[in-house]
Amino acid sequence: MSAYVIGNPVPTPEEMGRILGLSPEHVAAVRRIMSTPSGRKSSKSKSRTASSFDSKRGSSRIPSKGPSSR
Amino acid sequence: MASRRHVDAIFLNIPYDKEFEDLYVAYIVGLTQFGLLINATLAVPNQGRLETIIGLIGKSNLSIHDLSRIEPARGIPRFNMPVELGLALYRRHTTRGRHRVYVFESKPYRAQRSTSDINGIDPQIHHGTAKGVMAGLRNIFRQPGDVTTVPEMLRSYRAVRRKLPELKRNAGGESLFEASVFQDLTLAALVESQKLIERRGRIHRRSHFC
């Protein structure tokens, strides 16, 4: 089987956020979670959720309701 | 405002249930770190479901179909994954091969027996492990410069897994299979991808100055 060569470099989280219709603040919140050492609670998750920044949530490529029943 | 860059889109056809959570995260991390945009059938309502799935396949130039879980659930075989595979194969036919179809299985030779019509496609065998998924993805995808290795992908996978409770809480989701959590998993995988690229750059610079 021949390999598929992906033509483009990996997007940054901010670029993917734009593609998914997410706000920069939303992307920043995920960045903060991933940069917080494990075992410590993210101050972001305590105070304010990323979704509160993002009025566009659910408007991207996949629908936003509950889990599917495949 | 920055312009949108082109990103290859892939249709991901896997089981979305609790038992498949680890491999679900592995697929998201692996595919995202290859620079792919995942189109998934998460939370597609039953009404209009088929049209939505056909639309998602139509928006993708690649698709992955995991046939490792087609065994009966509560006495009823699971046919959704093979049905979606059939739709993707038809799209491959109508696009003269521009839509590429890849099959994953957990057991060698089982897909050839369960779905003998696809005998021309060699399934990637993941043995039900995240490492197997990453190795399968690495077999079928190449990046410019061919940079991401399986150990690097697994390191990112473990980093994202450690953060699942916070990512889920942050997205206000109860399940990993909700669209909002799915999107944040994608972003988290890309954050880890950037760390990999930076780490690689540091090593390269260090070796250059030695």
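For this structure, a couple of remarks:
- Qualifying position, being crowded, with 22+ Cβ neighbours inside 10 Å and out of contact with any Gly (no Cβ under 8 Å at 6 or more places or on another chain), among B:Gly128, B:Gly120, B:Gly136: B:Gly136
- Selection status of B:Ala179, open to solvent by less than 10 Å² (accessible area, probe 1.4 Å) and within 19 Å of A:Gly17 (Cβ to Cβ): yes
- Whenever a residue of segment A:1-26 is more than 7 Å from chain B (Cβ to nearest Cβ), its partners that are assigned to a helix (DSSP H, G or I) and of a type in the set (Phe, Trp, Tyr), lying with C-beta atoms within less than 7 angstrom and at least six residues away or across chains, give the pairs A:Ser23/A:Phe53; A:Glu25/A:Phe53; A:His26/A:Phe53.
- Residues satisfying the stated conditions in segment B:5-16, i.e. in contact (Cβ under 8 Å) with a residue 40 or more places away in the chain and either surrounded by fewer than 22 Cβ atoms within 10 Å (Cβ to Cβ) or in a loop (DSSP other than H, G, I, E, B) (or both): B:Asp8, B:Ala9, B:Ile14, B:Pro15, B:Tyr16
- Taken together, the residues in segment B:170-194 that are out of contact with any helix residue (DSSP H, G or I) (no Cβ under 6 Å at 6 or more places or on another chain), over 13 Å from B:Val25 (Cα atoms) and touching a residue at least 24 places away in the same chain (Cβ under 8 Å) amount to 1.
- For B:Gly173: the one exception among (1) touching a Ser or Thr at 6+ places or on another chain (Cβ under 6 Å); (2) closer than 14 Å to B:Phe34 by Cβ; (3) not aliphatic (A, V, I, L, M): (2)
- Look at (1) surrounded by 15 or more Cβ atoms within 10 Å (Cβ to Cβ); (2) among the charged types (D, E, K, R); (3) under 19 Å from B:Val7 (Cβ atoms) and you find that B:Lys59 fails only one, number (1).
- Checklist (1) more than 8 Å from chain A (Cβ to nearest Cβ); (2) crowded, with 21+ Cβ neighbours inside 10 Å; (3) modelled with pLDDT under 95 applied to B:Thr41, failing item: (1)
The values are calculated or read from the model by the stated rules, or taken from the named source; none is laboratory data. As the structure is a prediction and not an experimental result, all values here were calculated from the model. No Cβ is skipped: glycine too gets one built from the backbone with ideal geometry, and neighbour counts run over all protein chains shown. Each accessible area value is taken on the protein alone, full model and side chains, heavy atoms only, with ligands, DNA and RNA left out. Shrake-Rupley method; radii C 1.70, N 1.55, O 1.52, S 1.80 Å.
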